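A short worksheet on the structure shown next.
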Amino acid sequence: MNIAIVKYNAGNTRSVLCALHRLGYEAEVTDDPGQLANADKVLFPGVGEASTAMAYLREKGLDIVLTTLKQPFLGICLGMQLMCASSEEHDTQTLGIFPIPTRKFSLPPEFKIPHMGWNTLQYQDDRLFSGLKGEAWCYFVHSYYVPLCEATIASTEYGGQVFSSVLHKDNYYGCQFHPEKSGDVGEQLLKTFLEEL
Amino acid sequence: MLAKRIIPCLDVRDGRTVKGVNFVNLRDAGDAVELAQAYSRYGADELTFLDITATVENRSTFRSLVRSIADHISIPFTVGGGIRNEADVAALLDSGADKISINSQAVARPQAIDELALHFGSQCVVCAIDARRNPAFDNGAEEGWEVYVHGGRTGTGLDVISWAKEAYSRGAGEILLTSMEHDGVKGGFAVDLTRRVSEAVGIPVIASGGAGKMEHFYEVFTKGKADAALAASIFHFHEIDIPELKIFLEQHDITMRR
């Protein structure tokens, strides 16, 4: 299987590579449009800041490429947020795959920001979750969130705010948590994404 | 609901884990990668590795250890010890660490927190604070605590609460608060100090130093308002096993990852 990881200088692609290695897969980290278009699966991880990341994607022409892909595509954390329409992080226009804006958490003061640590998914019936049984605990680190929308297939609650923790539309998936850091649950989700979708 | 985190801490010297009582009399508690894998299997929520020798010649050993840990475990981990500059941080993150913790370096040059947060993101910058009781810092009924550096040997004249606030405002993503008074003594965490720090900052606080029994974790999560609790020897020597601890805390209405 030909797996591509989008290279855009935002985030620790190494942890995603390590997680793929543990599942027995190799991947190419690339910003080459042709390589991305020809991959069987595309992963779009990210840790960082939205406007800087978008500037890099535009400079490389990836803003167009990423929205026209046909193979299964998985955005992670900032990657998922960049797949939405806009972000309140420095008022950034993002890729617009999911027609919903990314918002900044506004929570009672006793709730720390970032939302950091392990939280549960309320997941719906979707092939991505076919390998899960019972409660799904995942590792989150984020200060911005995607509200519930038509593409929401899993939600999570923090500080009274319920938000989208997994999105799905056509070949595009996004997860707010880090499957590469979410223990057995995360490995199962990556495995399903690679082998079943 | 967001779970409280249990974090075993592995002090590493030359690729092996060691932990002493009050930072002296080091005892070898085993191979770091093996321990990391075991903790990951037994339900640790996160791991912390501190390079306690932190000499220049051993730095590359530590980096290859970090790489090996990243290859083997699927939960987040933080590394610290001897980080001097951005190049050190970049090397550790490239090796697969999720977060780095800085301590003496941040006190010596607070601007370093801003720079690291800007370049790598707040989420990976943990400001470690070693605190020691100092009556000269008392404020009315509130006990005064001073920030110590260099493994707890050197006082800095900084008040712990003010320093935690400053680290937060400069962009630290988490505070790792260790009470030097409680570390290794197993008499419980510095609950009151942890609560004060947790209330003073808008970022998660990891309580460290003093865990001896399961009730201590309950105390620091409730009265201490800690977001996470860190311990070493009690886990390494199986005085408390993590699965058992998590069941105990869940029975006491603390949200735990299962």
Next on the checklist: Can you find a residue that is hydrophobic (A, V, I, L, M, F, W, C) and under 29 Å from B:LEU116 (Cα atoms) anywhere in segment B:232-249?
Outcome noted: yes
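Which of the residues belonging to segment A:26-45 are within 14 Å of chain B (Cβ to nearest Cβ) and either in a strand (DSSP E or B) or open to solvent by 40 Å² or more (accessible area, probe 1.4 Å) (or both)?
Taking segment A:26-45 as the starting set, the residues that turn out to be within 14 Å of chain B (Cβ to nearest Cβ) are A:26, A:29, A:45.
Passing the criteria: A:GLU26, A:VAL29.
Conditions (1) open to solvent by less than 60 Å² (accessible area, probe 1.4 Å); (2) in contact with a Ser or Thr (Cβ under 7 Å, 6 or more places away or on another chain); (3) under 24 Å from B:ALA136 (Cα atoms), marked per residue:
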| residue | (1), (2), (3) |
| --- | --- |
| B:ILE175 | yes, no, yes |
| B:ALA190 | yes, yes, yes |
| B:LEU193 | yes, yes, yes |
| B:ALA207 | yes, yes, yes |
| B:GLY210 | yes, yes, yes |
| B:LYS225 | no, yes, no |
| B:ILE240 | yes, no, no |
| B:LEU249 | yes, no, no |
Next on the checklist: Looking only at residues that are under 20 Å from the mean Cα position of the chain (by Cα) and surrounded by fewer than 23 Cβ atoms within 10 Å (Cβ to Cβ) in segment B:123-137, which one is farthest from B:ILE69 (Cα to Cα)?
Outcome noted: B:ARG133
Checklist entry - Before we move on, is B:PHE120 in contact with a Phe, Trp or Tyr (Cβ under 9 Å, 6 or more places away or on another chain), under 30 Å from A:TYR25 (Cβ atoms) and within 14 Å of chain A (Cβ to nearest Cβ)? => result no
Next on the checklist: Restricting to segment B:84-108, name every residue that is over 19 Å from B:GLY173 (Cβ atoms) and buried (at least 22 other Cβ atoms within 10 Å of the Cβ).
Outcome noted: none
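So that you can scan it fast, the table gives a plain yes or no per residue for (1) under 28 Å from A:THR156 (Cα atoms); (2) of a type in the set (Asp, Glu):
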{"position": "A:SER15", "(1), (2)": "yes, no"}
{"position": "A:ALA19", "(1), (2)": "yes, no"}
{"position": "A:GLU26", "(1), (2)": "no, yes"}
{"position": "A:THR30", "(1), (2)": "no, no"}
{"position": "A:GLY34", "(1), (2)": "no, no"}
{"position": "A:LEU74", "(1), (2)": "yes, no"}
{"position": "A:LEU78", "(1), (2)": "yes, no"}
{"position": "A:THR102", "(1), (2)": "yes, no"}
Checklist entry - Counting only residues that are within 27 Å of B:MET256 (Cα to Cα) and in contact with an Asp or Glu (Cβ under 7 Å, 6 or more places away or on another chain), which one in segment B:13-41 is modelled with the lowest pLDDT? => result B:LYS19
Checklist entry - Only one of A:CYS149, A:CYS175, A:CYS84, A:CYS138 is away from chain B (no Cβ under 11 Å) and within 20 Å of A:LEU194 (Cβ to Cβ); which? => result A:CYS175
Item to check | Residue satisfying condition, being out of contact with any helix residue (DSSP H, G or I) (no Cβ under 6 Å at 6 or more places or on another chain) and free of Cβ contacts under 8 Å to residues at least 60 places away in the same chain, within set B:GLY210, B:GLY171, B:GLY152, B:GLY184 | outcome: B:GLY210
Checklist entry - Which condition does B:GLU166 not pass, out of (1) part of a helix (DSSP H, G or I); (2) in contact (Cβ under 8 Å) with a residue 12 or more places away in the chain; (3) surrounded by fewer than 21 Cβ atoms within 10 Å (Cβ to Cβ); (4) within 14 Å of chain A (Cβ to nearest Cβ), if it passes all the others? => result (4)
Checklist outcome for this item: Selection over segment A:46-60 where residues are open to solvent by 30 Å² or more (accessible area, probe 1.4 Å), part of a loop (DSSP other than H, G, I, E, B) and not basic (Lys, Arg) yields a count of 3
Item to check | Whichever residue in segment A:159-172 is crowded, with 22+ Cβ neighbours inside 10 Å and closer than 25 Å to B:GLY43 by Cβ and, among such residues, is nearest to the other protein chains (Cβ to nearest Cβ) | outcome: A:SER165
Item to check | Leading residue by the ranking (nearest to the other protein chains (Cβ to nearest Cβ)) among those in segment A:178-197 that are touching a Gly at 6+ places or on another chain (Cβ under 8 Å) and among the polar types (S, T, N, Q) | outcome: A:GLN188
Checklist entry - In segment B:68-83, what residues are touching a Lys or Arg at 6+ places or on another chain (Cβ under 9 Å), open to solvent by 20 Å² or more (accessible area, probe 1.4 Å) and modelled with pLDDT of 90 or more? => result B:ASP71, B:HIS72
Next on the checklist: Tally up the residues in segment B:85-123 that are hydrophobic (A, V, I, L, M, F, W, C) and under 17 Å from B:GLU166 (Cα atoms), please.
Outcome noted: 9
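The values are calculated or read from the model by the stated rules, or taken from the named source; none is laboratory data. These numbers were taken from a predicted model, which means no experiment stands behind them. Every residue, glycine among them, receives a Cβ derived from its backbone with ideal geometry; neighbour counts consider all protein chains shown. Heads up: the accessible areas ignore ligands, DNA and RNA and are worked out on the full protein's heavy atoms, side chains in. Shrake-Rupley method; radii C 1.70, N 1.55, O 1.52, S 1.80 Å.
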